[in-house]
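Step one of this worksheet: look at the structure below.
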Amino acid sequence: MFSSVAHLARANPFNAPHLQLVQDGLAGPRSNPAGPPGPPRRSRKLAAASVEEYSCEYGSAKFYALCGFGGVLSCGLTHTAVVPLDLVKCRMQVDPQKYKGIFNGFSITLKEDGVRGLAKGWAPTFIGYSMQGLCKFGFYEVFKVLYSNMLGEENAYLWRTSLYLAASASAEFFADIALAPMEAAKVRIQTQPGYANTLRDAAPKMYKEEGLKAFYKGVAPLWMRQIPYTMMKFACFERTVEALYKFVVPKPRSECSKPEQLVVTFVAGYIGVWKGLFARIIMIGTLTALQWFIYDSVKVYFRLPRPPPPEMPESLKKKLGYTE
């Protein structure tokens, strides 16, 4: 089922609209091979609507709220699970002379702080990344619908990669504002020995020393780091899901079982960060894939509308002469 995954991972999803049409198999009337036409293609939207009963309407307040809840779980749980690794990484960045490597960092931390020391900063991590996930995934759905309506059906299809990039950048802007206070507290707990051991100790101390600015001094670096990453993360995921259902999965998504759909989600999340150093692929790739898996699982569990991969609108096909 997924034998072409590696090939798809190397493909560039960021194509201009006219190139997208060629890749979609719509290169124009003259390029169609001679021969009898194949069987009519079933409308995925109609098929999906006939077999699924949704708990709410796509784009409703309940839909956005549950998407936000899915983001809370996907980001909050995954980032909290890797707190020990994040703690060692932060200490290596702050004091590279003392913490010379991952394994050395773990060894020193266990020797000085014990096993409990590896969990330092878990509370601000869970709270901060839960809030980030709420805004990242919830607002992404909001901005995707908003920008799609602004562009219109045809332009939203033609420029869908740009749409994904714009919607994810807008969502991450607010997500980082929500994350910044807890991220600032987490860094102090993890990298400044003796400053504070818990969020309950760190937050009042930070406010007393520097006021509110102590919690938002790092928001600009967060924007610089997270917005480009999130843009690539969401755009690659969306286009990879589209490619998987078009070229790899032998049937439309509406005919796939829920477990099959979640497998596609996980694989697409992993392919989205395929390129890079091996260690980064393992850590970030797995983290990202798990986030998409948890997020989509929430959608499945709460029976949220999950539109099929985008297809060219009939009106645009008629304009381009692909249909009579």
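The values are calculated or read from the model by the stated rules, or taken from the named source; none is laboratory data. Here the structure is a predicted model, which means the values were calculated and not measured. Every residue, glycine as well, gets a Cβ built from its backbone with ideal geometry; the counts of neighbours run over all protein chains shown. Keep in mind that these areas ignore ligands, DNA and RNA; they rest on the heavy atoms of the full protein, side chains included. Shrake-Rupley method; radii C 1.70, N 1.55, O 1.52, S 1.80 Å.
One residue stands out among those in the range 276-324 that are acidic (D, E) and at pLDDT 85 or above: the one that is nearest to Y64 (Cα to Cα), which is D296. One residue stands out among those in the range 233-271 that are among the small types (G, A, S) and surrounded by fewer than 23 Cβ atoms within 10 Å (Cβ to Cβ): the one that is modelled with the highest pLDDT, which is A243.
Let's see how each residue does on (1) within 30 Å of A203 (Cα to Cα); (2) without any contact (Cβ under 8 Å) to a residue 40 or more places away in the chain; (3) not aliphatic (A, V, I, L, M):
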{"site": "Y140", "(1), (2), (3)": "yes, no, yes"}
{"site": "T161", "(1), (2), (3)": "no, no, yes"}
{"site": "A166", "(1), (2), (3)": "no, yes, no"}
{"site": "E172", "(1), (2), (3)": "yes, no, yes"}
{"site": "D176", "(1), (2), (3)": "yes, no, yes"}
{"site": "E183", "(1), (2), (3)": "yes, no, yes"}
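Of the helices (runs of 4 or more DSSP H) that lie entirely inside the range 145-262, those containing 2 or more residues that are closer than 23 Å to F126 by Cα span 160-191, 199-210, 213-216, 219-243.
Of everything listed in (1) more than 28 Å from D201 (Cβ to Cβ); (2) open to solvent by less than 20 Å² (accessible area, probe 1.4 Å); (3) over 19 Å from the mean Cα position of the chain (by Cα), the single unmet condition for G117 is (1). Looking across the range 295-324, the residues that are open to solvent by 40 Å² or more (accessible area, probe 1.4 Å) and either on the phi > 0 side of the Ramachandran plot or not in a loop (DSSP other than H, G, I, E, B) (or both) come down to Y301, R303, E314, S315, K317, K318, K319.
Checking each residue in the range 264-273 for being part of a helix (DSSP H, G or I) and touching a residue at least 24 places away in the same chain (Cβ under 8 Å) picks out T265, F266, V267, A268, G269, I271.
Check the range 116-131 and report whether any residue there is in a helix (DSSP H, G or I), small (G, A, S), touching a Cys at 6+ places or on another chain (Cβ under 6 Å) and modelled with pLDDT of 95 or more.
The answer is no, given that none of the residues of the range 116-131 is in a helix (DSSP H, G or I), small (G, A, S), touching a Cys at 6+ places or on another chain (Cβ under 6 Å) and modelled with pLDDT of 95 or more.
When the residues of the range 54-108 are filtered to those that are closer than 28 Å to W292 by Cα and of a type in the set (D, E), the one that is most open to solvent (accessible area, probe 1.4 Å) is E57.
Would it be correct to say that A185 is among the hydrophobic types (A, V, I, L, M, F, W, C), within 30 Å of P309 (Cα to Cα), buried (at least 21 other Cβ atoms within 10 Å of the Cβ) and modelled with pLDDT of 95 or more? It is false that A185 is among the hydrophobic types (A, V, I, L, M, F, W, C), within 30 Å of P309 (Cα to Cα), buried (at least 21 other Cβ atoms within 10 Å of the Cβ) and modelled with pLDDT of 95 or more. When you scan the range 121-144, do you find a residue that is open to solvent by 50 Å² or more (accessible area, probe 1.4 Å) and not hydrophobic (A, V, I, L, M, F, W, C), even just one? Scanning the range 121-144, I find no residue that is open to solvent by 50 Å² or more (accessible area, probe 1.4 Å) and not hydrophobic (A, V, I, L, M, F, W, C), so the answer is no. Based on what the data block shows, is T109 out of contact with any His (no Cβ under 9 Å at 6 or more places or on another chain) and over 30 Å from E141 (Cα atoms)? Here the answer is yes, as T109 does meet what is asked.
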